[in-house]
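Heads up, the thing below is written out as structure tokens.
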Amino acid sequence: MLFASFCFAVMGGFAKELSRSMSAIEVVFFRNVFGVIFLIATLIKYPLKQKGGKFWLLFFRGFMGFLALLAFFYNVAHITLAEAMTYSRLSPVFTALFAYLFLKEKLYKLGWIGIAVGFVGIVFITRPEGIYDFDKYDLLGIFSGVGAALAYTAVRELREYYDTRSIVLSFMTIGTIGPIVLMMIGSFYSPANLDYLFAKFIVPKSKDWVWIVLLGFSATLAQVYMTKAYASTKAGIVGAISYSNIIFSIIIGAILGDKYPDLFTTFGIILVIIAGVLVTITPKKL
């Protein structure tokens with residue numbers, strides 16, 4: 001999981017580099033298209049074994065995952081990598097809440113404390129002076145965590161009906177087709193205030209192809225080793241270690257020119273990490 005977390009941070013670094021010459025929408029496209037090709041290749045050799053029956057929930061998982069990734073990559077391009085990663089790491093906190101609300105899963109006292117701590121962490125990172133004081137990056141950052149949480153909550157239900165590859169493929173397929181549609185629209189309609197949704201396709205420069213390949217490679221490694229980690233030991237332990245990607249993101253972001261987080265942001269990041277660990281703890285793990 002430590003290696004997977006490092007790969008996720010590296011992926012964010014490559015996305016930040018690509019964002020200097022193309023839109024976040026295009027970065028999302030290249031992030032997913034290689035994954036689609038890889039998964040389809042595995043389906044040829046190892047056919048799916050599943051009962052299906054939850055198509056719209058499968059679509060919802062893919063659609064929310066795509067939007068969350070789009071929000072994350074947009075923020076990676078405009079704020080520090082550490083802040084963008086921290087927002088996305090709010091997903092376990094929201095997943096615990098959504099699983100309680102929609103799937104009727106138990107949420108223990110520490111889980112509720114974790115959710116409260118997570119929201120306090122958001123306040124320290126965003127530092128709004130009022131309810132209407134959140135800027136675009138704050139809102140998109142929070143959505144990247146909420147959207148991912150909705151996608152993960154859907155996965156908890158879908159795993160009883162679909163092969164894991166089908167679930168991942170739903171996300172990557174929508175994450176490939178969605179950007180194509182948005183870039184087609186963006187070719188003749190791309191208002192500045194909606195630049196996170198609509199943008200023109202830009203032919204990658206020769207050096208960009210290196211970053212594109214490395215982006216896909218690091219993302220694939222991260223997914224593979226994260227899956228191996230969760231299959232090898234307790235989810236609570238793995239989940240706690242996964243927050244190391246915020247530390248890696250601070251380091252990689254600094255190498256790419258990001259400023260180090262100030263005192264308030266650092267405290268908020270620490271609170272988000274604590275919140276994520278708390279929501280993974282159950283009485284059996286104490």
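Regarding region 129-137, can at least one residue be identified that is closer than 22 Å to Ala68 by Cα, touching a residue at least 60 places away in the same chain (Cβ under 8 Å) and within 20 Å of the chain's Cα centre (by Cα)? Scanning region 129-137, I find at least one residue that is closer than 22 Å to Ala68 by Cα, touching a residue at least 60 places away in the same chain (Cβ under 8 Å) and within 20 Å of the chain's Cα centre (by Cα), so the answer is yes. Candidates Ser19, Ser23: the one that is over 13 Å from the mean Cα position of the chain (by Cα), buried (at least 24 other Cβ atoms within 10 Å of the Cβ) and touching a residue at least 24 places away in the same chain (Cβ under 8 Å) is Ser23.
Put simply, of Tyr100, Tyr152, Tyr137, Tyr162 the only residue that is in a loop (DSSP other than H, G, I, E, B) and hydroxyl-bearing (Ser, Thr, Tyr) is Tyr162. Screening Ser249 on (1) surrounded by fewer than 18 Cβ atoms within 10 Å (Cβ to Cβ); (2) at pLDDT 85 or above; (3) assigned to a helix (DSSP H, G or I) shows it passes everything except condition (1). Lys228 fulfils the conditions (1) closer than 16 Å to Val76 by Cα; (2) modelled with pLDDT under 90 except for a single criterion, (1).
Pairs are defined by a Cβ separation below 8 Å, a sequence spacing of at least 6 or placement on different chains, a first member in region 192-211 that is over 15 Å from Val181 (Cα atoms), and a second member that is surrounded by 12 or more Cβ atoms within 10 Å (Cβ to Cβ) and among the charged types (D, E, K, R); the pairs so defined are Trp211/Glu17.
Scanning region 32-91 for residues that are assigned to a helix (DSSP H, G or I), basic (Lys, Arg) and either exposed (fewer than 15 other Cβ atoms within 10 Å of the Cβ) or modelled with pLDDT of 95 or more (or both) returns a single hit, Lys45.
Considering Gly35, Gly13, Gly65, Gly53, the condition of being farther than 24 Å from Thr173 by Cβ and of a type outside the set (Phe, Trp, Tyr) is satisfied by Gly13 alone. Of the candidates Ala192, Ala154, the single residue that is buried (at least 16 other Cβ atoms within 10 Å of the Cβ) and on the phi < 0 side of the Ramachandran plot is Ala154.
The values are calculated or read from the model by the stated rules, or taken from the named source; none is laboratory data. Everything numeric here is computed off the predicted structure, so don't read it as measured data. Cβ sites come from the backbone with ideal geometry, for glycine too, and all protein chains shown count toward neighbours.
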